[in-house]
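To keep things clear, I will list the structure first and then write my remarks on it.
What follows is calculated from the coordinates using simple rules that are stated; it is not laboratory data. The structure presented is a predicted model; accordingly, all values stated were derived computationally and were not measured. In this analysis, Cβ positions are derived from the backbone assuming ideal geometry, glycine residues included, and neighbour counts consider all displayed protein chains.
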């Protein structure tokens, strides 16, 4: 797959209260953004288990987005802070697995920020397009064979 | 009770009252000058003299400071009384011939001129000392007093200079019975006179006629009591003893089940648009100022007047000030078109002025609104379609001299026009309240991009928020007019009542549960829970989740090292399956 036709597959974990509503707003407002992201709704960004991110990469994701409420705005008071802590740790682990840290992203998108969600999706898709496919499984296979 | 006779009428009054008070209560009028009900009587002017017969002895006494006694026979209109009063007033007339109240009093008593020597024909002061007593007893400042003796006696601040003790309350001028005291500040303006202020000027007042609740409040900045600790005249004259100067601000905590947020809006600050000259040109006013002006209880009595008191000959109304403008607010404030039309109508009704209405689009969306617009068209309002670019007082022609000129591109004519007017009303838009973000934080609700509160769903839950039990009403959610606000507030109140009436609350079914078999009792989850829903059961050696407290955020699930904690409907297995599902396609 060359860069021109490469369409990255992105997974987004969006919190129910802010980012999922923000994405919904982008949709109801008929905003056009890169169709590469597949959204999984969770109640809170604090629900995102690091395993989910690893699993997504394992299944073939080229990038993973976690998006929650702005700091201080969490519906569950502090779930987004927990997501931030896990994000920092997991980023380092991912790098050790050979997954560029640019492929894993944390964003704050409020329920009113349909435009921001559009921007984040477009930017992230463009960024991953530049990085190229992850091909984690192929790399993994090679490692096993050697 | 004390029994006495006044002018032949038998009356009974409480003990300790003065003759003057007893007479006043029984509608017997005794003239006074130096008496005021809230100041201690001093009997200086001798105008309130009455003839009193007690135990066979007849005497002339000052009624203001003589207490009633049993068996008194008071004669307020006897020949002896009137004769003495006439003599006293004649002497006062010689002392203060310029004082109008004394002239009136003299006329009433049939005195024509005075036989005594007039020292100063412009004198008004009768040296009654009411001002001195008021300053001492009421104000507590003691800034003025008598100086010198005999014929040189006069009232003055120390050394005849403005006193530091004077708080500028002008109580002395208010109390002076003869108008001898005038207060002026050093800039030569009159002080505390209503013509200088748009609003009421007393320290205790009802803020506006339409105030809810309709009760007075004390303006502690202006109140004499809060400056000197004295006065309290309002409390003295209030029969119901409703005035309390010791009240403090209180924080009251109320336990409630549901909350309706109706925190309202703030009017757009027109001075943010310098081109319209609000604040520079006195005849450029905002919608709320115009509203105050045309109100029947306004300082002009509802008359539309310019700053110089003249009636305007031409008025311009500029729509969308701060609204529908990417520099300020992109949204339409909804209410301005209709209130602008109302203003145009009122101007037509109250004046003969030409009304120019500068609009972008006429948004008459409600019931009967479009009809009202057509009525205005018939009334002769000149509608100009185009956003006014600026207002200037630089006239280019004779016709424009002394006028405010509104420059506008008339988009229907396709030309730039200059419209000279006398008054400009800026139809300022609605903005979220100043503390909107603080309130949002406090109630853990969201704001939309324009900072108005965000409803849970624009169609399915328009008055609910993301926080259960908190509902929205009115302009805190979006600009809206009164009918819409009332309708929406009714909806919010009904939702709030429905929840309160039910008495039970349905929890989201997404709570976390702990699999007792898998839990190792590591207690990682206990510290993570923001709602303290998880406790450690020492007996069983496992963590337990309280269903009623768990809100279902799932952060404990994400942290559980043995996957013992699982969130219902968001189980690990379910989300893994979702991830797998994504890549099947």
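Numerical summary
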read-out: Residue-span extension gain [residue B:98 to residue B:400] - 0.36 nm each, minus C-alpha spacing; value: 103.9 nm
read-out: Cβ-derived FRET efficiency at R0 60 Å, residue B:498 paired with residue B:142, nearest 0.05; value: 0.40
read-out: Rounded, prolate or oblate (a/c below 1.5 giving rounded, otherwise prolate when a/b exceeds b/c) for chain B by Cα gyration tensor; value: oblate
read-out: Gained length - residue B:375 relative to residue B:271, 0.36 nm times residue gap less alpha-carbon distance; value: 34.2 nm
read-out: Gaussian network model of chain A, springs between alpha carbon atoms under 10 Å - residue of A:65, A:14, A:84 with greatest fluctuation; value: A:84
read-out: For B:522, B:166, A:15, order by how many other beta-carbon atoms lie within 10 Å, fewest first; value: B:522, B:166, A:15
read-out: Euclidean distance between Cα centres, region B:312-345 to region B:222-285, Å; value: 27 Å
read-out: Residue-averaged beta-carbon neighbours from other chains (10 angstrom radius) around B:353-364; value: 0
read-out: Average beta carbon contacts from partner chains per residue of B:568-575, 10 Å cutoff; value: 3
read-out: Alpha-carbon centroids, region B:90-130 and region B:380-421: separation in whole Å; value: 60 Å
read-out: Theoretical ellipticity at 222 nm over chain B - DSSP helices of four or more residues, -39500 (n - 2.57) apiece, nearest 500; value: -6500 deg cm²/dmol
read-out: Cα centroid separation - region B:473-519 against region B:532-548, whole Å; value: 29 Å
read-out: Choice from A:117, A:13, A:52 showing the highest fluctuation, given a GNM over chain A with Cα pairs closer than 10 Å; value: A:52
read-out: Ranked list, fewest to most other Cβ atoms within 10 Å of each Cβ, for B:153, B:205; value: B:153, B:205
read-out: Sorted by Cβ density within 10 Å, fewest first, the residues B:146, B:452; value: B:146, B:452
read-out: Gyration tensor (alpha-carbon) shape descriptor, region B:314-379, a/c threshold 1.5; value: oblate
read-out: Point-to-point label distance, residue B:457-residue B:241, nm (Cα→Cβ direction, 7 Å offset); value: 5.9 nm
read-out: Per-residue mean of C-beta atoms belonging to partner chains within 10 Å, peptide B:445-451; value: 5
read-out: Within chain A, helix-based [θ] at 222 nm, where runs of 4 or more DSSP H residues each add -39,500 (n - 2.57), nearest 500; value: -14500 deg cm²/dmol
read-out: Cα-based shape type of chain A, given that a ≥ b ≥ c are square roots of the gyration tensor eigenvalues and the cut on a/c is 1.5; value: oblate
read-out: Approximate spin-label separation residue B:437-residue A:115, in nm, with each point projected 7 Å along Cα-to-Cβ; value: 1.7 nm
read-out: R0 of 51 Å, Cβ-Cβ distance residue B:206-residue B:535: FRET efficiency to nearest 0.05; value: 0.35
read-out: Sequence ranges B:21-31, B:501-511, B:214-224, ranked by mean other-Cβ count within 10 angstrom, highest first; value: B:21-31, B:214-224, B:501-511
read-out: Gaussian network model of chain A, springs between alpha carbon atoms under 10 Å - residue of A:41, A:92, A:105 with greatest fluctuation; value: A:92
read-out: Sites residue B:516 and residue B:325 - FRET efficiency at Förster radius 51 Å, r taken between beta-carbons, to 0.05; value: 0.25
read-out: Extension gain from residue B:360 to residue B:310, taking 0.36 nm per residue of separation minus the Cα-Cα distance; value: 15.0 nm
